[in-house]
Amino acid sequence: MNMRSLSSSSSSSPATVTKLALSIHSSFPTLNLNPIFFYKFKSNKHNKPPFFSIRNCTTSNSISAKPSSQLRKNRSSNSDSDPKLTALRRLFSKPDVSIDAYIIPSQDAHQSEFIAQSYARRKYISAFTGSNGTAVVTNDKAALWTDGRYFLQAEKQLNSNWILMRAGNPGVPTTSEWLNEVLAPGARVGIDPFLFTSDAAEELKHVISKKNHELVYLYNSNLVDEIWKEARPEPPNKPVRVHGLKYAGLDVASKLSSLRSELVQAGSSAIIVTALDEIAWLLNLRGSDIPHSPVVYAYLIVEIDGAKLFIDNSKVTEEVDDHLKKANIEIRPYNSIVSEIENLAARGSSLWLDTSSVNAAIVNAYKAACDRYYQNYESKHKTRSKGFDGSIANSDVPIAVHKSSPVSLAKAIKNETELKGMQECHLRDAAALAQFWDWLEKEITNDRILTEVEVSDKLLEFRSKQAGFLDTSFDTISGSGPNGAIIHYKPEPGSCSTVDANKLFLLDSGAQYVDGTTDITRTVHFGKPTTREKECFTRVLQGHIALDQAVFPEDTPGFVLDAFARSFLWKVGLDYRHGTGHGVGAALNVHEGPQGISYRYGNLTPLVNGMIVSNEPGYYEDHAFGIRIEIPSYLITKFVYVGNSAFNAARTLLPNCCIWVAFIAASNMFLVLGVKG
């Protein structure tokens, strides 16, 4: 493919570029290695991320954020009240509600990053469509918190009734701190306990109690649902499918056997799994309840001698029913999960609870049932006065075992079959991308006017022709010029821009295939980039290569790697407002934990052999351009020993396929997009 690099204004034929890329690759074979290594650390949830001053490429002056009041004036001159906020506030005074503030998070009951439209309550109430954000509504104020990926997007989408809170910026309070500031002492703060993890709810309760505020769990209904009424989309009900052994690599019985061994070691007799991708992986099932994520809404309880899947039975096909029966898994109604949790306590079952992921409604239901158990049988079990403290004094009484979900880490470490599927789907995906870039450059060269949406749709057309294609893995980020600076920008028909040949064009896209998941970002220019754009791009690419080629000892957590990708930007006072890498699921969620590469040093999860992480440094000049380069890599063992220490490496999933190649000639860096179909 012939595309002008960010450092060269000369043109080249497709053959010339390909030969050059292959020549460089053969001369520098280590460009395809991403050394890395790791294992067990405990997370410190109370550490706060450092703050960085983000500067542009050519001056030392910091880019300062505008105050929310000024942004509100710029966003809208309409001072009329928001009818949704008005309707919501009316509910505050109902006898069975009686609250002074209500918190609306982004998540569903499973803490999913991406959710079904029927659960997009924060989006409905605020009109902000980003995947991360929390809305807080009081009787006279409304505020929305989001992270740096969405600052520009939120500025555009929030109306004048909303205060934008740029989470993580110096001086910006948290939701609980803000509530303590704006509410009179002794206020009541309402939440839907199904939408908050137990840990998050307890932390919120602790902070607001400093002003004598009370956290109120509204179990019976969600207030946003009450005002949404008939306009609310129906819950998803598409059928579930079996994820075949040729893609999964390990059968359900083997996975459940390993999990049950961990239950015994932990002293628990059951575990509840609520994360949708964990359930899908554990049971070798896939669904389509959530756009771009092949998961199904369900809960799973695994006991020593059986398991129960809580799911809408209309989604269960005959094939899936047989699949579950072979693994001795019973099917129960989705909404009966709380009653079953209570039954576990009544039977004296000790339950493994990951309170960082299980919602507060479930955790509190088990706790209350345990309390009832002890009250009813106090004379019989005199050795225990309390049952929800995690201690194990009597195996016949219910206790909560508070530990991180073992399924999360098991899922993140891919087996050989999963890694093979990921490599093969990336090869097919790369072929679609090569066809796409060839098409786009020809169209731009012929002065064809194309919108960002049209470009995104064309990429989908090329991908959909590849074997095993199912869906995109997230909404394609197709941003020309200033739209590229909106980190998670989504172009919309009628309001998007055209792809300008004289501006940087950022394309972040991915796909779901039957055998794997992809996530690739490229930034290109079809004309002559400015010196500033070339410098910024080069520094991003240098960081990408530095992370790609680094070697690290075992037991190293991801945050240690983050500086390798940022260091070339830091040298000139630049930075970016997102993590450097995230886990990628195998035919599952495009964003997967627990591993990651980020400056947020609270995540001490070590990177280990078999994990897949993305490598995606970037730079964003607000209202001007955005740059990001991303390739997923999988971690492999590199047998290099220094003393008694072993080291690991990472290897890109795209060797020789649609990768950036860099080389140095004299004192200048030239960048070439090498493509091999």
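The values are calculated or read from the model by the stated rules, or taken from the named source; none is laboratory data. Note that the coordinates shown come from a computational prediction; the quantities given were computed from them, not determined experimentally. Here the Cβ is made from the backbone with ideal geometry for all residues, glycine too, and neighbour counts use every protein chain on show.
For this structure, a couple of remarks:
- Within region 156-194, restricting attention to residues that are part of a helix (DSSP H, G or I) and closer than 16 Å to Ile125 by Cα, the residue that is modelled with the highest pLDDT is Gln157.
Conditions tested, residue by residue: (1) assigned to a strand (DSSP E or B); (2) at pLDDT 95 or above; (3) not acidic (Asp, Glu).
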residue: Trp352; (1), (2), (3): yes, yes, yes
residue: Lys367; (1), (2), (3): no, yes, yes
residue: Asp371; (1), (2), (3): no, no, no
residue: Tyr374; (1), (2), (3): no, no, yes
residue: Gly387; (1), (2), (3): no, no, yes
residue: Val407; (1), (2), (3): no, yes, yes
residue: Glu454; (1), (2), (3): no, yes, no
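- Single match in Ile627, Ile631 (criterion: under 21 Å from the mean Cα position of the chain (by Cα) and at pLDDT below 90): Ile631
- Residues considered: Ser131, Ser221. Of these, the only one that is at pLDDT below 95, assigned to a loop (DSSP other than H, G, I, E, B) and either more than 16 Å from Tyr102 (Cβ to Cβ) or of a type in the set (Phe, Trp, Tyr) (or both) is Ser131.
- Checked against (1) among the aliphatic types (A, V, I, L, M); (2) buried (at least 20 other Cβ atoms within 10 Å of the Cβ); (3) closer than 25 Å to Asn589 by Cβ, Val514 passes all but condition (2).
- In region 138-155, of all residues being more than 21 Å from Arg188 (Cβ to Cβ) and hydroxyl-bearing (Ser, Thr, Tyr), the one that is modelled with the highest pLDDT corresponds to Thr146.
- Against the numbered list (1) in contact with a strand residue (DSSP E or B) (Cβ under 8 Å, 6 or more places away or on another chain); (2) within 22 Å of Arg260 (Cβ to Cβ); (3) of a type outside the set (A, V, I, L, M, F, W, C); (4) touching a residue at least 60 places away in the same chain (Cβ under 8 Å), Lys326 comes up short only at (1).
- Odd one out for Ser221 among (1) surrounded by 17 or more Cβ atoms within 10 Å (Cβ to Cβ); (2) over 26 Å from the mean Cα position of the chain (by Cα); (3) within 29 Å of Pro291 (Cα to Cα): (1)
- Test: residue in region 307-328 that is among the small types (Gly, Ala, Ser) and part of a loop (DSSP other than H, G, I, E, B): yes
- Residue list for region 409-435, filter: under 19 Å from the mean Cα position of the chain (by Cα), buried (at least 21 other Cβ atoms within 10 Å of the Cβ) and assigned to a helix (DSSP H, G or I): Lys411, Ala412, Met422
- Any hit, region 549-562, residues being among the hydrophobic types (A, V, I, L, M, F, W, C), at pLDDT 95 or above, surrounded by fewer than 24 Cβ atoms within 10 Å (Cβ to Cβ) and in contact with a helix residue (DSSP H, G or I) (Cβ under 8 Å, 6 or more places away or on another chain): no
- From the options Leu250, Leu300, residue that is closer than 26 Å to Ile115 by Cβ, outside any helix (DSSP H, G or I), under 28 Å from the mean Cα position of the chain (by Cα) and at pLDDT 95 or above: Leu300
Residue-wise test of (1) polar (S, T, N, Q); (2) in contact with a Gly (Cβ under 7 Å, 6 or more places away or on another chain).
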{"site": "Cys536", "(1), (2)": "no, no"}
{"site": "Gln542", "(1), (2)": "yes, no"}
{"site": "Gly558", "(1), (2)": "no, yes"}
{"site": "Val572", "(1), (2)": "no, no"}
{"site": "Gly602", "(1), (2)": "no, no"}
{"site": "Gly610", "(1), (2)": "no, no"}
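- Looking across region 490-536, the residues that are of a type in the set (A, V, I, L, M, F, W, C) and within 20 Å of Tyr150 (Cα to Cα) come down to Cys496, Leu504, Phe505, Leu506, Leu507, Ile520.
- Candidates are the residues of region 501-516 that are part of a loop (DSSP other than H, G, I, E, B) and touching a residue at least 60 places away in the same chain (Cβ under 8 Å); the one that is nearest to Ile631 (Cα to Cα) is Gly510.
- Subset of region 511-546 [hydroxyl-bearing (Ser, Thr, Tyr) and touching a helix residue (DSSP H, G or I) at 6+ places or on another chain (Cβ under 7 Å)]: Tyr513, Thr518, Thr523
- Checking Gly484, Gly510, Gly468 one by one, the residue that is at positive phi and in contact with a strand residue (DSSP E or B) (Cβ under 7 Å, 6 or more places away or on another chain) is Gly468 and no other.
- The residue list Ile337, Ile331 contains one member that is free of Cβ contacts under 8 Å to residues at least 24 places away in the same chain, outside any loop (DSSP other than H, G, I, E, B) and in contact with a strand residue (DSSP E or B) (Cβ under 6 Å, 6 or more places away or on another chain), which is Ile331.
- Pair list, Cβ under 8 Å, 6 or more apart: region 193-212 residue among the acidic types (Asp, Glu), other residue surrounded by fewer than 17 Cβ atoms within 10 Å (Cβ to Cβ): Asp199/Lys45
Per-residue answers, yes or no, for (1) surrounded by 18 or more Cβ atoms within 10 Å (Cβ to Cβ); (2) at negative phi; (3) assigned to a loop (DSSP other than H, G, I, E, B):
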site: Ala200; (1), (2), (3): yes, yes, no
site: His206; (1), (2), (3): no, yes, no
site: Ser209; (1), (2), (3): no, yes, no
site: Pro233; (1), (2), (3): no, yes, yes
site: Pro239; (1), (2), (3): no, yes, yes
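- Meets criteria (outside the structural domain of Phe151 (by TED's automatic domain parsing) and at pLDDT 70 or above) for Ala650: no
- Evaluation of Asn609 against (1) touching a residue at least 60 places away in the same chain (Cβ under 8 Å); (2) surrounded by fewer than 23 Cβ atoms within 10 Å (Cβ to Cβ); (3) farther than 30 Å from Asp354 by Cα (one fails), failing number: (3)
- Qualifying residue in region 275-297 (condition: within 27 Å of the chain's Cα centre (by Cα) and closer than 30 Å to Tyr377 by Cβ): no
Residues checked against (1) under 22 Å from the mean Cα position of the chain (by Cα); (2) modelled with pLDDT under 95; (3) in a strand (DSSP E or B); (4) not assigned by TED's automatic domain parsing to the domain that holds Val295:
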| site | (1), (2), (3), (4) |
| --- | --- |
| Ala565 | yes, no, no, yes |
| Ala587 | yes, no, no, yes |
| Val590 | yes, no, no, yes |
| Gly610 | yes, yes, no, yes |
| Val613 | yes, yes, yes, yes |
